[in-house]
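J.: Attaching a single structure in structure tokens format; questions to follow.
Nothing in this text is a laboratory measurement; each read-out follows from the coordinates by a stated rule. Predicted, not measured: the structure shown is a model, and the values here were computed from it. Cβ sites come from the backbone with ideal geometry, for glycine too, and all protein chains shown count toward neighbours.
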Amino acid sequence: MKLNRLNTVSWTDSQLLYHAQPRLGREGLNLLSPGSPYVCIGYFQDVDQEVDVELCRQQGIPIFRREVGGGAVYLDGEQLFYQLIIHRDNPLAPHGWEAFYRRFLQAPIAAYQALGIPAEYRPVNDIVAKGRKVSGNGAAEIGDYLVLVGNLIVDFDYENMARVLKVPDEKFRDKLYQTLRENLSTIRREIGAAPPREELWDLMAEEFSKVLGPMDTVTEVDEEWRAEAENLAQTMLTDEWLYKRRGRPRDRKVTIRAGVEVRQKMYKAPGGLIRLIAELRDGRLGAVSFSGDFFFYPSEKLVDLEAALVGVRPEDAEQVIRRFYEEQGIESPGVTPADLAHVLM
């Protein structure tokens, strides 16, 4: 496996490069940091409902939809990314997403501990220290590859994070800022200073090598990798990709005619926020669309689940969803078939 130690890259490379590797059939560990700030939303999120798009455009802050679930986040050069791309058949890759996180998050946890920060794993995908989150992580399946993305948070721009998210009013934004400060911490906050970047990259490389074994170090993006990243940019940097999941305002019901309604609901499950848009025709579900900041594996099967629910009575939805989970081997950490059925009722 290659250790791609790229250090500071463009914000687009910080996302496109790891999306390109599975498409090229390449395993690897990337260590890098974006050269400029941007907002990154989860694969299943509706950008209009999660992000103040107009503010971001006014401020020149790009927005990117990744192929990894989870929530919207403000990213910049004060966060050091690790991106692991590993084939599903690699003996190092355990079965089950919690086991996957637990194994590979050993490395950043050990790095934090080496800095004197008492980091520990909190299922499903967080690293915490003294009760506060110190690293955000997500995972996805892209083709035959499993992808883990996460960060060491050297410092964090709480104010900009609170500014770029879509909120109902300024009182809510103030509360969001306060909650972020109370529940998310950084290397600087925990130990009073940040070691030089090279020392942090060295530390991450050392700790990951204990989990992955020896790796050959690469410091540049080769021509094939660059070409695939540029090819992906033609899709992933477009508005069509960014706006691929769109919804309506929360908790609405619009009657089209007798027996035909369009409903939009929200439900906060332990594993994330679930948004639903659905038609109801004579007591049966029509078109169904789920979105939110949850994780769902394999991600492409969510569309199949939505299709499987068409024609189903809402009261029978949980049984249909459970059967779909069993037949398709679905995993959605912290979100159960009962949670999805709940939002349909």
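J.: Mind checking the log10 I(q)/I(0) for region 68-144 at q = 0.25 Å⁻¹? Debye, one equal scatterer per Cα, no solvent, two decimals.
T.: Log10 I(q)/I(0), no solvent term: -1.37.
J.: Using only the alpha carbon atoms of region 94-186, find the Kirkwood hydrodynamic radius as the inverse mean reciprocal pair distance, in angstroms to one decimal. Working shown, then result.
T.: Values: mean 1/r = 0.0683 Å⁻¹.
Value: 14.6 Å, from the Cα pair sum.
J.: Moving on. What do you get for GluC sites (Glu not before Pro) in region 178-220 restricted to DSSP loop and a cutoff of at most 14 other Cβ within 10 Å of the site's Cβ?
T.: Numbers: sites: Glu182, Glu190, Glu198, Glu199, Glu206, Glu207, Glu220; in loops: Glu220.
The qualifying sites are Glu220.
J.: Could you work out how far apart the two model spin labels at Leu92 and Asp144 are, taking each label as a point 7 Å from the Cα in the direction of the beta carbon, and quote it in nm?
T.: According to this spin-label approximation, the distance is 1.8 nm.
J.: Using the Kirkwood formula over every pair of different C-alpha atoms, what hydrodynamic radius in Å results for region 147-213?
T.: Values: mean 1/r = 0.0698 Å⁻¹.
The Cα-based Kirkwood calculation yields 14.3 Å.
J.: Report P(r) for region 252-344: all Cα-Cα distances, bin width 10 Å, range 0 to the bin holding the largest distance, values in whole percent.
T.: 17, 53, 25, 4
J.: Right, here's the next one. Listed here are the pairs Lys2/Lys268; Lys2/Lys244; Lys244/Lys265; Lys133/Lys301; Lys171/Lys268; Lys166/Lys265; which of them are more than 28 Å apart at the Cα?
T.: Values: Lys2/Lys268 39 Å; Lys2/Lys244 33 Å; Lys244/Lys265 19 Å; Lys133/Lys301 30 Å; Lys171/Lys268 21 Å; Lys166/Lys265 17 Å.
From the list (Lys2/Lys268; Lys2/Lys244; Lys244/Lys265; Lys133/Lys301; Lys171/Lys268; Lys166/Lys265), the Cα-Cα distance tops 28 Å for Lys2/Lys268; Lys2/Lys244; Lys133/Lys301.
J.: Stretch Asp239-Tyr177 to full length: gain in nm at 0.36 nm per residue minus the Cα-Cα span? Walk me through the numbers on the way to the answer.
T.: Values: separation 62, 0.36 × 62 = 22.32 nm, distance 2.86 nm.
Full extension of this stretch gives 19.5 nm more.
J.: Turning to a different aspect of this structure: How many percent of all Cα-Cα pairs in region 22-102 sit more than 15 Å apart?
T.: Numbers: 2209 of 3240 pairs.
That tail contains 68 percent of the Cα-Cα pairs.
J.: If you average 1/r over every pair of different alpha-carbon atoms in the chain and take one over that average, what Kirkwood value in Å do you get?
T.: On the way: mean 1/r = 0.0473 Å⁻¹.
Kirkwood hydrodynamic radius for the chain: 21.1 Å.
J.: Mind checking which of Gly138, Ile274, Val154 is farthest towards the positive end of the chain's charge dipole, using Cβ charges of +1 (Lys, Arg) and -1 (Asp, Glu) about the Cα centre?
T.: The residue sitting most towards the positive pole is Ile274.
J.: Give the separation of the Cα centroids, region 5-29 to region 298-345, in Å.
T.: When both Cα centres are located, 32 Å separates them.
J.: Determine, at each q value in 0.32, 0.34 (inverse angstroms), the log₁₀ of I(q)/I(0) that the Debye formula gives when each Cα of region 133-172 is one equal point scatterer.
T.: -1.05, -1.10
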